Structure formats: structure tokens, C-alpha cells
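Here is the structure we will look at, set down as C-alpha cells.
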Amino acid sequence: MLVHSRGARWAVWAVFLVLFLPLFALPLLVVLGASFATHWSSVLPSGLTTAHYEAATRGEALQALTTSLVTATTASLLALATGTWAALAAAALKRRHRKALDALFVLPLAVPSVVVGLATLVAFSQPPMLLNGTRWIVIIAHSVLVTAFAHQSVSAALARLDPAYEQAAASLGATPAYVLWRVKLPLLLPSLTAAAGLCFALSMGELSATMMLYPPDWTPLPVLIYAATDRGALFTGSAVAVVLMTATLLVLLAVSRIRTRASYR
């Protein structure tokens with residue numbers, strides 16, 4: 001910590017708790033409490049029950065969780081591949097062209113996600129790419145929305161990468177393909193796993209674009225949460241939201257456990 005005196009450290013922690021608890025922790029605790037409640041007419045919930053979790057882990061909710069996991073995993077892999085390729089290609093471009101490519105990938109973040117959903121719907125509702133009404137249009141929209149994060153993460157890692165490793169491998173006769181696969185990508189693996197985790201988390205919680213695109217047989221979990229709360233089933237929706245948060249955190253924890261030789265350098 002940059003603050004050295006004990007009093008100043010206590011003040012920093014106090015400010016952190018004052019800001020963290022009401023803005024971040026309290027809303028999550030409210031959702032967690034509502035997921036176990038049957039009534040909430042006072043400060044604390046009453047009528048504690050686990051029936052909401054029984055509904056949130058079977059039938060339609062379980063299918064929606066599987067849909068979200070498949071969508072997020074596929075979209076993350078597509079975004080990671082596209083973003084990494086673009087970052088590697090941009091590293092060899094001139095500064096002006098590199099800025100233009102970066103702006104192109106950041107563009108989906110500059111507009112509301114519902115606009116991205118509408119653009120995807122219009123683009124893939126006519127032959128020869130008729131994907132409207134299929135799961136793939138949802139996956140493509142999620143990929144477009146999260147690719148920018150993968151691209152920016154890999155680009156930042158490339159800027160910090162020491163070129164001496166590549167130069168040493170090239171001086172020993174390694175081909176450009178060998179340098180890419182055996183030198184550069186292994187050094188980028190920590191950034192790649194971090195980007196994959198971020199893309200996965202963002203895709204798991206995406207709602208606006210998904211609402212415009214999802215077919216009836218491919219309903220992600222955020223859509224189910226919205227539908228439950230919209231019809232007044234707040235406690236069931238809270239339980240489903242806790243399941244969504246738990247599944248996302250477990251996947252992120254698994255990704256964070258990945259260790260590579262480059263992470264120890």
C-alpha cells in the first residue's frame with residue numbers, strides 16, 4: 001500500500017468500506033437474502049426456504065444455465081481467437097493503421113449493446129447468412145460485444161513483451177510460425193487466460209442484445225431472470241441470479257488456477 005502511516009491506512013480502509021458496502025456488497029447481499037425468503041416486509045427477510053433453489057436448479061432454469069454456459073464459452077473462444085489474431089496483426093502495422101484497427105474493435109463498446117443486437121439481427125436475417133432464429137446469432141452477438149476486451153488485453157500484453165525472446169529464437173533459425181507458437185503465444189498465455197475469463201463473465205451477464213435475438217429453444221439465464229422478475233416472481237428470480245453468479249465465479253476461479261511457465265517469469 002502506498003500509504004505508510006497507520007492512521008492514514010485506517011482512513012483509506014474506512015473510505016473503502018463506506019464506498020464498497022453500499023455500492024457493491026449490499027446489493028448482492030439483498031439478492032442473496034431474497035433468494036431464501038418467502039416474505040420481505042421488514043428490514044430482514046422472513047419465511048426462510050430453499051424451495052426457490054429447487055426451481056432454480058432444475059427444468060427450464062437448468063436448461064437456461066446450460067445455454068448460458070455454452071454461449072459464453074463459445075463466444076469467449078471466438079472472441080479470444082479473433083482478438084488475438086487482430087492484436088498480433090496490428091503489432092506489425094504502422095501507428096496510424098494500428099489506431100484505426102483498435103478503433104474498429106472498440107466500436108461495439110461505444111454504442112449500446114441493444115444497437116449491436118439490432119445490427120446483428122439485420123445483418124443475419126437475409127440469405128446467404130440466414131441465422132435469425134438460431135443459437136448462432138446469439139453467439140455471434142456475444143462474440144462481437146466481448147471481442148474488444150480480448151483485443152485490448154492482448155494488445156497491452158504485446159506492448160509489454162520483450163522482443164529479445166523473439167530475436168533470440170529467430171537468430172537460432174526459428175521460422176516465424178515457430179516463434180509465434182513456441183515463443184510468443186506461451187508468453188502471452190497469462191493475458192490470454194485473463195481475457196478469456198473477462199469475456200466469459202461479460203457474456204454470462206449479457207441481456208440487452210440477447211433479448212432481441214434469442215430463439216425460444218435457446219434462452220440464456222439472464223433472460224429467464226428478467227422474465228421471472230417481470231411477472232413478479234422476485235424471490236425465484238433472485239435464486240436464479242445467485243445460481244448465475246455462482247456458476248460464473250466457479251468458472252472464473254477455474255480459469256484463475258491455470259498456471260503457465262510464463263506466469264512465473
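Below is a table of values for the structure above.
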read-out: Only listed residue being of a type in the set (A, V, I, L, M, F, W, C) and at pLDDT below 85, chosen from 32, 65, 48; value: 48
read-out: Which numbered condition residue 106 fails, given (1) of a type in the set (A, V, I, L, M); (2) surrounded by 14 or more Cβ atoms within 10 Å (Cβ to Cβ); (3) in contact with a Phe, Trp or Tyr (Cβ under 9 Å, 6 or more places away or on another chain); value: (3)
read-out: Conditions (1) under 30 Å from residue 40 (Cβ atoms); (2) in contact (Cβ under 8 Å) with a residue 12 or more places away in the chain: number failed by residue 165; value: (1)
read-out: 1 or more residues more than 20 Å from residue 237 (Cα to Cα) and within 19 Å of the chain's Cα centre (by Cα): qualifying helices (runs of 4 or more DSSP H) within the stretch 40-131; value: 59-91, 95-110, 113-123
read-out: Extreme residue, nearest to residue 111 (Cα to Cα), among residues of the stretch 206-234 that are without any contact (Cβ under 8 Å) to a residue 24 or more places away in the chain and assigned to a helix (DSSP H, G or I); value: 226
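The values are calculated or read from the model by the stated rules, or taken from the named source; none is laboratory data. Since we're looking at a predicted model, the values are computed, not measured. Cβ sites come from the backbone with ideal geometry, for glycine too, and all protein chains shown count toward neighbours.
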